[in-house]
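The structure under discussion appears below in the form of structure tokens.
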Amino acid sequence: MSKKKLQDIPVNVVDVKDDGEVEVVSLYAKHRKLYPRWVNGLFNKWRIFFVVATQLFFYGMPWLELHGRQALLFDLVERKFYIFGLVLLPQDFIYLTALLLLSALGLFVWTAIGGRLWCGYACPQTVYTEMFLWIEKWVEGDRAARIKLDNGPKTLRKIRLKAVKHTLWLLLALWTGFTFVGFFTPIRELATSVSAWTLGPWELFWILFYAFATYGNAGWMREQVCKYMCPYARFQSAMFDKDTLIISYDAERGEARGSRKKGSDYKAQGLGDCIDCTMCVQVCPVGIDIRDGLQYECIGCAACIDACDEVMDKVGYPRGLVRYTTENALQHSYAEQDILKHLRRPRVILYATILFAVFAVTAVSLVMRKPVKVNINRDRVALVREVQSGWLENTYRVQIQNASEKTRIFAIRAEGLPELKTAAEYNGRLQLEPTETDDVSVRVQVAPEHAGPGSHPIYFIITAEDDPAVSVKEKATFIGR
Ligand code: SF4
Ligand code: SF4
């Protein structure tokens, strides 16, 4: 029995129209390999700029050191996040929640104003696909050469070019996977482990997993990730309105499209400015025709603008047949600069206000955050003890965590009851290395006349000797008799 490929199995539905005509609609869209043509132009320069800027950050950042430690390190094993001198501990995970909230709100504002600018210029899927395309073009040539190569016979040259391309792709993917893991494991130690072939199983797994994802998504899946897998493409329509920036073909100006002789009076022939050269389609990385109107597949990369502007320059028509605009600007024919005036609208103001409020609360909380964590536990075995002088004594374990990048000495004292005395290990001074946690036993003594039966509030004050502003006041209870 012959094996059928999935795309050969018909997946159809039958649609019966009002007039009784029966139409068979296929639910399966056969994948068509795309060969985006290289394009020059202003927006291509911006895309290159964003690829370089984001990747300089991504590949370079793990190698940057601060206070003798990786400046940006999310140490999941130790459960400590080092962010440019700021040390976040599990108790600080609220800041990560705030960061996620800020990112989501930022995306809402950005999408309401700029549409899919993120997708077109800075999304990792776009950026890596762009880099993989550069390699492809460098090895196999531009669109026409690639189509010819793929459709041609299997020759030694074809095998060599494909091997070179895939080797370069895999090397880039592996470097990307290594860098990604380097944000979670000190990258210098990781590099040593790689060169000594002593990588741990989890590190190896994640490097290969991320490399495989990069190679697969940017080399093979490409536009299919944006079309079928990315959730952002699906829910962004909820954030769009008629004043959101989109890339659009000016149908009023362009139609009727059609070829014409150079210098001919095309308007007299009933033609518009579109010469139907299909350059805007050939450069499109998702394989759509912008002239068909706004489509959810469009990632807003502006390659079609560059392509069309180049064509317009050649035929001597004004640029901007395909351009950044808004639905309202197109509909009401208002000037490009008027687009800015429509920035102030309810949804933008609402998203921006919430974003600003969350940002302000997070920033204030971070500024006021004390880089020391204290935990106090009273000895529950001997609640209260009478010492020789007849005074009452409670014992506590004071746990201190130095949440800074400095070695610090912390002084411990207590207050809250008259004539209260403390006797602690290490004379009430505890030296802690950066991010180190330790505890000391502290005995608190109070004269019996000041501590009757029941519990009395007292306070422990832990202060960094090098910086009195780094001080924490923690409440505890003293059991009297
Ligand atoms: S239609 Fe234009 S902007 Fe949209 S994805 Fe294609 S080339 Fe990019
Ligand atoms: S590049 Fe411009 S002129 Fe050519 S088909 Fe596209 S819209 Fe028409």
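The set of residues from region 263-297 being away from ligand 2 (no atom under 14 Å from the Cβ) and either closer than 18 Å to F240 by Cβ or over 40 Å from the mean Cα position of the chain (by Cα) (or both) comprises G263, S264, D265, K267, A268, Q269, G270, V286, L294, Q295, Y296, E297. The residue list F74, F81, F49, F93 contains one member that is without any contact (Cβ under 8 Å) to a residue 24 or more places away in the chain and in a strand (DSSP E or B), which is F81. Can you pull out every residue in region 421-454 that is surrounded by 15 or more Cβ atoms within 10 Å (Cβ to Cβ), among the small types (G, A, S) and in a strand (DSSP E or B)? Within region 421-454, A424 is the sole residue that qualifies.
The residue of region 370-420 that is nearest to G85 (Cα to Cα), among those that are among the charged types (D, E, K, R) and in a loop (DSSP other than H, G, I, E, B), is E405. For region 149-181, the set of residues classified as surrounded by fewer than 18 Cβ atoms within 10 Å (Cβ to Cβ) and in contact (Cβ under 8 Å) with a residue 60 or more places away in the chain consists of D150, W175, listed by residue number. Please find, within region 294-328, the residue that is farthest from ligand 1 (Cβ to nearest atom) out of those that are open to solvent by 30 Å² or more (accessible area, probe 1.4 Å) and part of a loop (DSSP other than H, G, I, E, B). Across region 294-328, the extreme among qualifying residues is G316.
For region 52-71, give me each residue that is outside any helix (DSSP H, G or I) and among the hydrophobic types (A, V, I, L, M, F, W, C). Correct list: L64, L66, A71. When region 404-450 is filtered for residues that are small (G, A, S), modelled with pLDDT of 90 or more and in contact with a strand residue (DSSP E or B) (Cβ under 7 Å, 6 or more places away or on another chain), the ones remaining, listed by number, are A411, A414, G416, S441. In region 97-129, the residue that is farthest from A218 (Cα to Cα) out of those that are of a type in the set (G, A, S) and surrounded by fewer than 20 Cβ atoms within 10 Å (Cβ to Cβ) is A98.
Residue check: F57 meets all listed conditions (1) modelled with pLDDT of 90 or more; (2) in contact with a Leu (Cβ under 7 Å, 6 or more places away or on another chain) but one, namely (2). Taken over region 271-293, the criterion of being in contact with a Ser or Thr (Cβ under 9 Å, 6 or more places away or on another chain), within 12 Å of ligand 1 (Cβ to nearest atom) and either open to solvent by 40 Å² or more (accessible area, probe 1.4 Å) or of a type in the set (G, A, S) (or both) is satisfied by G293 alone. Take the conditions (1) in contact with a Gly (Cβ under 7 Å, 6 or more places away or on another chain); (2) farther than 21 Å from N44 by Cα; Q331 misses just one of them, which is (1). Of all the criteria given as (1) more than 30 Å from E327 (Cα to Cα); (2) of a type in the set (A, V, I, L, M); (3) open to solvent by less than 60 Å² (accessible area, probe 1.4 Å), the one not satisfied by L245 is (1).
One residue stands out among those in region 314-335 that are touching a helix residue (DSSP H, G or I) at 6+ places or on another chain (Cβ under 7 Å) and more than 16 Å from ligand 2 (Cβ to nearest atom): the one that is farthest from L99 (Cα to Cα), which is A329. Looking at this structure, is S365 away from ligand 2 (no atom under 14 Å from the Cβ), of a type in the set (S, T, Y) and over 26 Å from D241 (Cα atoms)? Yes, satisfied. Being within 23 Å of A144 (Cβ to Cβ) and either of a type in the set (D, E) or not assigned by TED's automatic domain parsing to the domain that holds K45 (or both), is that true of even one residue in region 259-269? No, the conditions are met nowhere in region 259-269.
The values are calculated or read from the model by the stated rules, or taken from the named source; none is laboratory data. These numbers were taken from a predicted model, which means no experiment stands behind them. Note that each Cβ is placed from the backbone with ideal geometry, even for glycine, and that neighbours are counted across all protein chains shown. Quick note on the areas: whole protein, heavy atoms, side chains included, nothing else; ligands and nucleic acids left out. Shrake-Rupley method; radii C 1.70, N 1.55, O 1.52, S 1.80 Å.
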